[in-house]
Amino acid sequence: MPVTITAILFALIGIALAAGGAQLLMLGGSVYYLITGLAFLLTAILLYLRRSLALLLYALIVIGSLLWAVWEVGLDWWQLGPRGGVIIVLGLWLLTPWIRKP
């Protein structure tokens with residue numbers, strides 16, 4: 001049950017990020033949000049199917065997001081926190097035993 005709820009949460013986040021990212025891209029903004037939203041959706045599908053590949057994909061999301069954030073704002077902690085905080089917390093949730101080994 002926790003895995004299914006987590007998959008639904010990741011799907012909702014993915015839809016929001018992808019939709020907002022598509023709008024931002026049409027306005028000439030960054031492609032990051034669209035790509036990350038689609039990656040969240042794929043992670044949600046893999047979680048729902050109980051595939052361990054979901055954890056690897058999410059690790060790539062974390063790495064990509066942190067690289068993007070550092071590229072965008074440098075090493076200023078107060079600007080990095082909002083860009084990566086939620087992504088890190090969700091990654092820690094995925095590492096809990098009830099998600100990792102249901």
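The values are calculated or read from the model by the stated rules, or taken from the named source; none is laboratory data. Everything quoted here is computed from the prediction, not taken from an experiment. Note that each Cβ is placed from the backbone with ideal geometry, even for glycine, and that neighbours are counted across all protein chains shown. When the accessible area is computed, the model is the full protein with side chains, heavy atoms only, and any ligands, DNA or RNA have been set aside. Shrake-Rupley method; radii C 1.70, N 1.55, O 1.52, S 1.80 Å.
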Per-residue ³J(HN,Hα) for region 21-35, Karplus 6.51 cos²θ - 1.76 cosθ + 1.60, θ = phi - 60°, Hz, x for Gly and Pro: x, 5, 5, 4, 5, 5, 8, x, x, 6, 7, 3, 5, 5, 4
Which value, in Å² and to the nearest 10, is the accessible area of Val89 when all protein chains are kept and the probe is 1.4 Å? 100 Å²
Relative to a virtual label point 7 Å from the Cα of Arg100 in the Cα→beta-carbon direction, which members of region 40-55 show backbone nitrogen distances below 16 Å? 51-55
Given only helices, namely DSSP H runs of n ≥ 4 each adding -39500 (n - 2.57), what is the per-residue ellipticity at 222 nm of the chain, to the nearest 500 deg cm²/dmol? -28000 deg cm²/dmol
Under a plain spin-label model, where a point goes 7 Å from the Cα along Cα-to-Cβ, how far apart in nm are Asp76 and Leu25? 2.8 nm
Interatomic Cα distance distribution for the chain, bins of 10 angstrom, percent: 16, 46, 30, 8, 0
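Rounded to the nearest 0.05, what FRET efficiency is calculated for Arg83 and Ile8 with R0 set to 25 Å and r the Cβ-Cβ distance? Could you put the intermediate results ahead of the total?
Numbers: r = 24 Å, r/R0 = 0.97.
Calculated transfer efficiency: 0.55.
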Over the chain, what is the mean sequence separation of C-alpha contacts under 8 Å (at least six apart), divided by residue count, expressed as relative contact order in percent? 25 percent
